[in-house]
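**Q** I'd like to ask some things about the structure below.
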Amino acid sequence: MTNSRLLPYLLIAPSVVFLILLFIFPLVQTIGLAFTDQGGASLGNFRKMVGDINFGVSLRNTFLLVAVVIPLQIGLALGMAVMLQKMEKGRDLVLWIWTIPLGVSDLAAGLVWLSILQDRGYLNSTLFALGVIDSPTNWLSYENPTALFVGIVLAEIWRATAIVLVILVAGFQLIPKEYFEAAEVFGATGWTRFRKITLPLLKPSLQSALILRTVLAFEVFAVVYALGGRNFPVLVGEAYTWMRDNQNDGVAAAYAILIMVISLAATLVYIRLLRTKPEAQA
Amino acid sequence: MSTKRFLYLTGVVTLIAWIVVPIYLIAIGAFSGRAGVFRWPKSLWPADASLQAMQVFMQIEGVWNAALNSVIVAALCMLFSVLLGAPAGYALARFSFKGQTAYRLLIVLTRAFPLAILALPLTVNFIRIGLYDTTLGVALVHTALALPFAALVSSSLFMGIPRELEEAAWVFGCSRFQAFVKVVLPLALPGLAATAIFAFVISWNEVFAAAVLTVRERTLTAYLLTVLSESPLHFRFAGGFILIVPSVLFIFAVRKYLFAMWGIANR
């Protein structure tokens, strides 16, 4: 039956063509753009990028955010997943509430936290009521980089922990209940069970969560922009500025390449570090 | 009540508050208008809240058009990702064919790339073919974000529908296509709807590509981003609130599928 041998190819063909046009092709073009300057192949765009005053700061800020946000998110999501596992009543409701931010965009999350952290916002009103401050204080300004950083970290944790939680809860469902029961029979405490059963068997899910979150975290942009404008430069923000304000798509593409290389490197590191042997999977 | 139980409940309630309270606060901000935003110190009670503030926001030039564009883009993205992704998912679920691994790799690979950033070179192409600054152009880029997800999720959906049902339909004289439409599709429909809604949310929330690819025909996110620095606070809060509402409702609608989708889609 030639017909049914051809069928799968006909079915995947549209999506392959689409991905070639809107993924592979722009990818190649981005590389081309980044390595071309004034009509010839050159590293000029990268030199311009590295030479820019905001480059070092944005690179440092982005890495700092990823390094602080990701571990906190994984820890928080693990805690939430364990709590859900113990829950008997109202589990569905709690789960829904905890996953609400899944639908909240990074821009909206930034604006939500702006309403809390602005000078006349709820944080300052609370601090005022407690007698800590006596007039509106500006936390999100250039002069207060630590407070701005903390604000962005809060907004990122608020927004993007939900996706980690969903992946981990899905992973939890794949761990056979018998394992925990057996461990309990042998007298393992809650902590031992967590370390010896939950964590190892959750490794594949942790790996996907880490990859997904890290790639997205290196793309952080709108949260930062909503809270601090350009007071806290990050890599994607710089790419956006070079594109929009400076009309220089070469340097913007150079930033894109840099972000991509970092994302791919992070993905490879996770695949390496959290490798699971096929027979060890649940 | 034991201390342990007390700590546990406190933890759960704190985390619920951690999610819900910020949304409540921006809602007050959105409905309180100018007066509310500048009130000091603020109370947690929505004293200034009125529908008028929201009406004023919706009447600002460009807001309505941007919201409409967002809906159009997200709806197109939803349509494209299901139309392109579901057949691929069906192929992955029902056939073993040469190149299957390569195809899966292509799909998974998209996840290691910051896809939205690839919109940068697309501006040039889009200007050339007339897609720049159109809802269709943005929808295409958003589909590239949602399609890999749609393909993987629908493949797991189809895998969950027994092959025997389809084969029985063939025995009774249905063609492959008829069997699919009459037997498989009705069973897969709720899951496909959930996939579609997820594609909608992905598109509705996307900022970077939408901002780069449009000038006048902005989506709501792109519009808010570009006017952010010059707009008053109550305006920003109203915008943020409007961004949040539909996605939260949609996530509620698909909550049943969320875990099944991610459980398999992340393998």
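**Q** Just report the Cα centroid separation between the range B:120-171 and the range A:179-194, whole Å.
**A** The range B:120-171 and the range A:179-194 have Cα centres spaced 44 Å from each other.
**Q** Where does each of B:SER50, B:SER154 land when they are ranked from fewest to most other beta-carbon atoms within 10 angstrom?
**A** By the 10 Å Cβ count, ascending, the order reads B:SER50, B:SER154.
**Q** What list of ³J(HN,Hα) values in whole Hz, one per residue of the range A:171-183 in order, does the Karplus curve 6.51 cos²θ - 1.76 cosθ + 1.60 (θ = phi - 60°) give from phi, with Gly and Pro shown as x?
**A** x, 4, 5, 8, 7, x, 4, 4, 4, 5, 4, 4, 4
**Q** Fully extended, how many nm does the chain gain between A:LEU43 and A:GLU184 (0.36 nm per residue separation, minus their Cα-Cα distance)?
**A** Stretched out fully, the A:LEU43 to A:GLU184 stretch lengthens by 44.7 nm.
**Q** Give the cross-link partners of B:LYS182 among the aspartates and glutamates, using a straight C-alpha distance below 15 Å as the criterion and excluding same-chain residues fewer than 8 apart.
**A** B:GLU164, B:GLU166, B:GLU167
**Q** Still on this structure, please answer the following. Sorted from fewest to most neighbouring beta carbons within 10 Å, what does the list A:VAL223, A:VAL185, B:VAL254, B:VAL37 look like?
**A** Listing A:VAL223, A:VAL185, B:VAL254, B:VAL37 from fewest to most nearby Cβ atoms yields A:VAL185, B:VAL254, B:VAL37, A:VAL223.
**Q** Quick one: longest stretch of chain A between exposed loop GluC sites (Glu not before Pro), exposed meaning at most 14 other C-beta atoms within 10 Å and loop per DSSP?
**A** Counting at most 14 other Cβ atoms within 10 Å as exposed, the longest clean stretch of chain A is A:144-282.
**Q** Sticking with this one: Just grab the label-to-label distance for A:LEU174 and B:THR10, each label 7 Å out from Cα along the Cβ direction, in nm (one decimal).
**A** With each label placed 7 Å out from Cα toward Cβ, I get 3.6 nm.
**Q** If you don't mind, there's one more thing I want to ask. For A:THR36, which sequence-distant residues (separation of 5 or more, or a different chain) have an amide H within less than 5 Å of its own amide H, given hydrogens modelled in the peptide plane?
**A** Answer set, sorted by chain and number: A:SER42.
**Q** When each pair of different Cα atoms in chain A is counted once in the 1/r mean, what is the Kirkwood radius in angstroms, to one decimal?
**A** 22.1 Å
**Q** Let me ask you something else. Among A:VAL16, A:VAL215, A:VAL169, which one moves the most in a GNM of chain A with springs linking Cα atoms closer than 10 Å?
**A** A:VAL16
**Q** With Kirkwood's inverse mean 1/r over C-alpha pairs for Rh, give me the Rg to Rh ratio of the range A:1-137, two decimals please.
**A** Values: Rg = 25.1 Å, Rh = 21.7 Å.
Checking Rg against Rh, the ratio lands at 1.16.
**Q** What is the pair-distance distribution P(r) of the range A:159-282, computed from all Cα-Cα distances in 10 Å bins starting at 0, with each bin given as a whole percent?
**A** P(r) over the range A:159-282, rounded to whole percents: 12, 29, 26, 17, 11, 4, 1.
**Q** Then there is this: Ranked by Cβ crowding within 10 angstrom, fewest neighbours first, how are A:ASP119, A:ASP92 ordered?
**A** Working: A:ASP119 16, A:ASP92 12.
Ranked by crowding around the Cβ, least crowded first: A:ASP92, A:ASP119.
**Q** From the Cα gyration tensor of the range A:122-191, with a ≥ b ≥ c the square roots of its eigenvalues, which class applies: rounded if a/c is under 1.5, or else prolate if a/b is larger than b/c, or else oblate?
**A** Note, shape of the range A:122-191 comes out prolate.
**Q** In whole Hz, with x marking every Gly and Pro, tabulate ³J(HN,Hα) for the range B:85-93 from phi via Karplus 6.51 cos²θ - 1.76 cosθ + 1.60, θ = phi - 60°.
**A** So the Karplus estimates, Gly and Pro as x, are x, 5, x, 5, x, 5, 4, 5, 7 Hz.
**Q** Given a cut-off of 24 Å, name the pairs among B:LYS4/B:LYS256; B:LYS4/B:LYS42; A:LYS89/B:LYS4 whose C-alpha atoms lie farther apart than that in the structure shown.
**A** The pairs that break the limit, which is 24 Å between Cα atoms, are B:LYS4/B:LYS256; B:LYS4/B:LYS42.
**Q** Assuming R0 = 41 Å, can you tell me the calculated FRET efficiency for the pair B:ARG163 and A:PHE25, based on Cβ-Cβ distance, to the nearest 0.05? All intermediate terms of the calculation are to be shown ahead of the outcome.
**A** Numbers: r = 36 Å, r/R0 = 0.88.
Working from the Cβ atoms, E equals 0.70.
**Q** Would you mind computing, in nm to one decimal, how far apart the modelled labels at B:ALA253 and B:GLN178 are, each placed 7 Å from Cα along Cα→Cβ?
**A** The two pseudo-label positions are separated by 3.3 nm.
**Q** What is the dipole size for the protein assembly as shown, taken about its Cα centre, with +1 at each Lys and Arg Cβ and -1 at each Asp and Glu Cβ, in debye to the nearest 20?
**A** My answer is approximately 1260 debye.
**Q** In chain A, once you exclude exposed chymotrypsin sites (Phe, Trp or Tyr not before Pro) (DSSP loop, at most 12 other Cβ within 10 angstrom), what's the longest stretch remaining? Before the final figure, lay out each step's value.
**A** On the way: sites that count: A:TYR142, A:PHE186.
Between exposed loop sites, the widest span is A:1-141.
**Q** Starting from 0 in steps of 20 Å, tell me what percent of the Cα-Cα pairs of the protein assembly as shown lands in each bin.
**A** Per 20 Å bin, starting at zero, the Cα-Cα P(r) for the protein assembly as shown comes out as 20, 53, 25, 2, 0 percent.
**Q** Give the aspartates and glutamates reachable from A:LYS196 as a straight Cα distance under 17 Å; neighbours fewer than 8 places away on the same chain don't count.
**A** In chain and number order, the partners are A:GLU178, A:GLU181, A:GLU184, A:GLU279.
**Q** Work out from phi, with θ = phi - 60° and the Karplus expression 6.51 cos²θ - 1.76 cosθ + 1.60, the ³J(HN,Hα) of each residue of the range B:56-70, listed in order in whole Hz, and give x for Gly and Pro.
**A** Running phi through 6.51 cos²θ - 1.76 cosθ + 1.60 with θ = phi - 60° gives 4, 4, 5, 8, 5, 4, x, 5, 4, 4, 5, 5, 4, 4, 4 Hz.
**Q** Given an 8 Å cut-off on Cα distances and at least 6 residues of separation, report the relative contact order of the range A:16-280 as a percent.
**A** Relative contact order of the range A:16-280: 29 percent.
**Q** For chain B, what does the alpha-carbon gyration tensor say about shape, rounded, prolate or oblate, given a ≥ b ≥ c as the root eigenvalues, a/c under 1.5 as rounded, and a/b over b/c as prolate? The partial results should precede the final answer.
**A** Values: a/c = 2.37, a/b = 1.46, b/c = 1.62.
Oblate is the answer for chain B, as a/c is 1.5 or above yet b/c matches or exceeds a/b.
**Q** Mind checking which of B:ALA35, B:ALA196, B:ALA91 has the largest fluctuation in a GNM of chain B, springs on alpha carbons under 10 Å?
**A** Result for chain B, Cα springs under 10 Å: B:ALA35 fluctuates most.
**Q** Let me ask you something else. Please give me, ordered by residue number, the chymotrypsin sites (Phe, Trp or Tyr not before Pro) of the range B:171-259 that lie in loop per DSSP and have at most 16 other Cβ atoms within 10 Å.
**A** Details: sites: B:PHE172, B:PHE177, B:PHE180, B:PHE198, B:PHE200, B:TRP204, B:PHE208, B:TYR223, B:PHE235, B:PHE237, B:PHE241, B:PHE250, B:PHE252, B:TYR257, B:PHE259; in loops: B:PHE172.
Within the range B:171-259, the qualifying chymotrypsin sites (Phe, Trp or Tyr not before Pro) (loop, at most 16 other Cβ atoms within 10 Å) are B:PHE172.
**Q** On to the next question. What do the square roots of 5 times the Cα gyration tensor eigenvalues come to for the range B:1-59, in whole Å, largest first, as semi-axes of the equivalent ellipsoid?
**A** Numbers: eigenvalues 238, 28, 10 Å².
Square roots of five times the eigenvalues give 34, 12, 7 Å.
**Q** Let me check the size of the range B:45-175 from its C-alpha atoms; what are the radius of gyration and Dmax in Å?
**A** Looking at the range B:45-175, its Cα Rg and Dmax stand at 21.2, 68 Å.
**Q** Moving to a separate point now. Per the helix-only calculation at 222 nm, which mean residue ellipticity applies to chain B, given -39500 (n - 2.57) for every DSSP H run of n ≥ 4 and division by its residues, nearest 500 deg cm²/dmol?
**A** -25000 deg cm²/dmol
Every number in this text was worked out from the coordinates using simple rules, so none of it is lab data. Keep in mind it's a predicted model, so treat the numbers as computed, not measured. A quick note on method: Cβ atoms are made from the backbone with ideal geometry, for glycine too, and the neighbour counts reach across all protein chains shown.
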